[in-house]
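Each remark here refers to the structure printed beneath this line.
The values are calculated or read from the model by the stated rules, or taken from the named source; none is laboratory data. Computed from a predicted structure; not experimentally measured. With ligands, DNA and RNA removed, areas are computed over all heavy atoms of the protein, side chains included. Shrake-Rupley method; radii C 1.70, N 1.55, O 1.52, S 1.80 Å.
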Amino acid sequence: MTIIVTLTPELEARLRDKAARQGQDVNLVASELLANVLEWETQDSEEAIKGIQQGLDDFDAGRFRSFHEFAGEQRRKYNLPTY
């Protein structure tokens, strides 16, 4: 199956420039870039889900603090004024 993607002239020029610098076919470079972005997106989503689950597990186990405690720590850490 062939997919046709329409690029802006600026993006096409950047892609062609990158392919020329690497001495590779522009289609191969585009394919590799898309594969890398899709892989990164998958990893990013998995890490976000793990982080959320860890937070929920911590909360269920009683490992949390109030917002006021957190805010106070941040004010001290970054020398922020109290209002």
Calculate, in nm to one decimal, what VAL26 and LEU80 gain on full extension: separation in residues at 0.36 nm each, minus their alpha carbon distance. 14.4 nm
Helical mean residue ellipticity (222 nm; -39500 (n - 2.57) per DSSP H run of 4+; nearest 500) of the chain: -25500 deg cm²/dmol
With every protein chain in place, the accessible area of VAL26 for a 1.4 Å probe, in Å² rounded to the nearest 10, comes to 30 Å²
Rounded, prolate or oblate (a/c below 1.5 giving rounded, otherwise prolate when a/b exceeds b/c) for region 25-83 by Cα gyration tensor: oblate
